[in-house]
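What follows is calculated from the coordinates using simple rules that are stated; it is not laboratory data. In this text the structure is predicted, and so the values were computed from the model without any measurement. Don't worry about glycine lacking a Cβ; one is built from the backbone with ideal geometry, like all the others, and counts go over all protein chains shown.
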Amino acid sequence: MKNKKLILGIAGFAVFLGLVYAAYNGLTEEYKDQINGSGNSAVPNNDEGSSSEKQKNKAPDFTVYDEDMNEVKLSDFEGTPVVLNFWATWCGYCKDEMPYFQKASENFSEEQVKILMINMTDGRSETKEKAIEYMKNNNYKINLLLDIDQEVANGYRVSGIPRTIFIDKDGYIREDKVGKIDADTLNTMIEELVNE
């Protein structure tokens, strides 16, 4: 009798471990892209019914503001590759990678690629004045845009910065990098967009 209970207990525990293992593998597959690579699944997929092997995600349009509070839309740059970088002055990693974007903006013309530095301007921890002052004090001459309405942050589900998104000339997201980017990766990705 004791042996029968022991065998049933071991069998039940083995089934439990099997279920846990299956659930873990299912979650791992679901989030593999976010952990190991593109992370594109964080952005809504607007290309339903695509039969391509790797589904393309159309970059959602948005409206932000330049320093003079003029509206700027992603769709304004249709036909030109775009690099979006989400940043704030309180973000140390954002500041570390800023020189790479400055150098890239010197190496590639505005006709080749648009580099847009989108400041997470929430009006509390980050303000328009702080962003403009930071860019001027460091002599950065990159396209500064302000996400005052949090439209881009919400549309692109920005939960952490820095984050860099590479968009091809047809408006599709090619790469979505969360965290600090290095100069080589930035330049390689821009070259790929420019030379397509």
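Brief remarks follow.
- Full-extension gain in nm, Ala183 to Lys56, via 0.36 nm per residue minus C-alpha separation: 43.2 nm
- Extension reserve of the Ile132-Glu71 stretch, reckoned as 0.36 nm per residue once the Cα distance is removed: 20.3 nm
- A simple spin-label model places the labels of Tyr172 and Asn154 2.9 nm from each other, with each point 7 Å out along Cα-to-Cβ.
- Neighbour counts of C-beta atoms inside 10 Å place Tyr156, Tyr140 in the sequence Tyr140, Tyr156, starting with the fewest.
- Protection-proxy order for peptides 126-139, 158-171, 90-103, each taking the mean of Cβ atoms within 10 Å per residue, highest first: 158-171, 90-103, 126-139
- Look at Arg124, Arg174 and count the other Cβ atoms within 10 Å of each Cβ; fewest to most, that gives Arg124, Arg174.
- Length added when fully stretched, Asn195-Ile10, from 0.36 nm per residue minus Cα-Cα: 60.6 nm
- Share antiparallel - DSSP beta bridges, region 105-196, percent rounded to 5: 55 percent
- Shape parameters for region 40-194, alpha-carbon atoms, Rg then Dmax in Å: 14.8, 49
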